[in-house]
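The structure appears below as C-alpha cells.
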Amino acid sequence: MTENEMTSNDSTEPTPTTETAASSPDPSGDPLIEQSIDVEGTGDTAGETGEPVIESRDLNVFYGETQALQGIDLAIPEKQVTAMIGPSGCGKSTFLRCINRMNDLIDAARVEGDLYFEGKNVYDADVDPVALRRRIGMVFQHPNPFPKSIYDNVAYGLRIQDQTEDIDEKVETALKRAALWDEVKDQLDKSALDLSGGQQQRLCIARAIAVDPDVILMDEPASALDPIATSKIEDLIEELAEEFTVVIVTHNMQQAARISDKTAVFLTGGELVEFDDTDKIFENPESQRVEDYITGKFG
Ligand SMILES: Nc1ncnc2c1ncn2[C@@H]1O[C@H](COP(=O)(O)OP(=O)(O)O)[C@@H](O)[C@H]1O
Ligand SMILES: [Mg+2]
C-alpha cells in the first residue's frame, strides 16, 4: 500500500467534529440493541471469560470492485485481547470496522455475510448502528480528542446519553481505568489538545470506556507513539481485558505477542490464514505462510 492510500484510509477516521464511536448522538433506538445496554455496568457478571462475543461467518467486504475480505470466519472471545496482524492492505482495519459498522460511513464499502455480537447479527435491519457503537467503542491510530477540556472529553458520551448523575465520579473512574488520572487530576479544565500524544491516546481510551462499552476496538493505537508511551498503552490494554473484550489491530508482531491472548493472521488478498492462541501462532503455526510472515520472510 502506498503512503497515499494509507492517508486516504486514515481520512475515514472520524475527526473531532464528526460522529465517533464514543460520541454518537442519542439514537431514537433499536430496541433489540438498546434493551441490553448496561449503562451502570452491573450486568457484566454473566458468561465465562473466553466465550465468543463476536463471531463472523463467511464475511466478505468489497470496496467497489475490489474485494478486501474473503469469507472470514472468526470467533472473538470475551474479556481477552485478540490481535489482528498481517501486511499492510490485507484487510485488518476493514474487519475491525465491520464489527461496529463503521464501514457504513464509507460509501464504497459493501458487506456480505454475517457478523454476530452477542448472538445478534449486527447487519440485521433492526439494529441501530449508533446504539451498537456505544457498546462497541473504537480507538484510532491518531489520537483524536475533541478540542475541549480533559473533563469534557470524558464526560461527552455520558452527556449525550442524557446521564446527569455522578458525572464527576464516572469521569474519575474512566480516567483511572485509562491510567491517566494521576497525571491530569489537577488540570481537568485544561484543553485536551495540550496533552502529549500518549496522554491524548489514553484520554481517547478513557472517553471510549466512560460509557461502559462491552468491546473496545483499537486500530494500531500505539503506532504513532514513542516507545515509552507505547509501553504504557500496552500495559493498559492488558488491564482493560479484565473488564472489556479488546480487539487490536497492530502491524507490530512483538506487540501482538506481548499483549494478546489470541492472534488472527490476515494475509494479502483479505484472507484469514490462521487464528489461534497467540503462543501457538508465534511458536508453532500450522501454516507455512504464517511462519514465513512471522519470521520476516515477507510482509
Ligand atoms: N475507503 C476505502 N476505499 C477503497 N478501498 C479501500 C478503502 N479502505 C481500504 N481499502 C482497500 O481495502 C484493502 C484493505 O484495506 P485495510 O482494511 O485498510 O487494510 P489494513 O488495515 O490491513 O492495512 C486495501 O486494498 C485497501 O486499499
Ligand atoms: Mg489498517
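Looking at segment 69-98, I want the residues that are of a type in the set (A, V, I, L, M, F, W, C) and have a partner that is near ligand 1 (Cβ under 8 Å from one of its atoms) and part of a loop (DSSP other than H, G, I, E, B) with Cβ atoms under 6 Å, at least 6 apart or on another chain. Which pairs are those? Final answer for the pair search is Leu69/Gly91; Leu69/Gly270. None of Val171, Val154, Val111 is assigned to a strand (DSSP E or B), more than 16 Å from ligand 2 (Cβ to nearest atom) and touching a helix residue (DSSP H, G or I) at 6+ places or on another chain (Cβ under 8 Å) except Val111. The residues on offer are Asp104, Asp44, and the sole one that is modelled with pLDDT under 95, surrounded by 13 or more Cβ atoms within 10 Å (Cβ to Cβ) and within 15 Å of ligand 1 (Cβ to nearest atom) is Asp104. A single member of Phe140, Phe117, Phe62 is in contact (Cβ under 8 Å) with a residue 60 or more places away in the chain, within 14 Å of ligand 1 (Cβ to nearest atom) and aromatic (Phe, Trp, Tyr), and it is Phe140. Has segment 153-163 got any residue that is of a type in the set (Lys, Arg) and more than 21 Å from Thr250 (Cβ to Cβ)? Yes, segment 153-163 contains a residue that is of a type in the set (Lys, Arg) and more than 21 Å from Thr250 (Cβ to Cβ).
In the condition set (1) at pLDDT 95 or above; (2) farther than 19 Å from Tyr293 by Cα, Ala224 is compliant with all but (1). Between Gly299, Gly270, the distinction of being within 16 Å of ligand 1 (Cβ to nearest atom), modelled with pLDDT under 95, at positive phi and more than 15 Å from the chain's Cα centre (by Cα) belongs to Gly299 only. Restricting Ile216, Ile248, Ile160 to residues that are over 24 Å from Ile85 (Cα atoms) and either hydrophobic (A, V, I, L, M, F, W, C) or at pLDDT below 95 (or both) narrows the list to Ile160.
The values are calculated or read from the model by the stated rules, or taken from the named source; none is laboratory data. All of these numbers come straight from a predicted model, not from anything done at the bench. Reconstructed Cβ throughout: ideal geometry from the backbone, glycine too, with neighbour counts over all protein chains shown.
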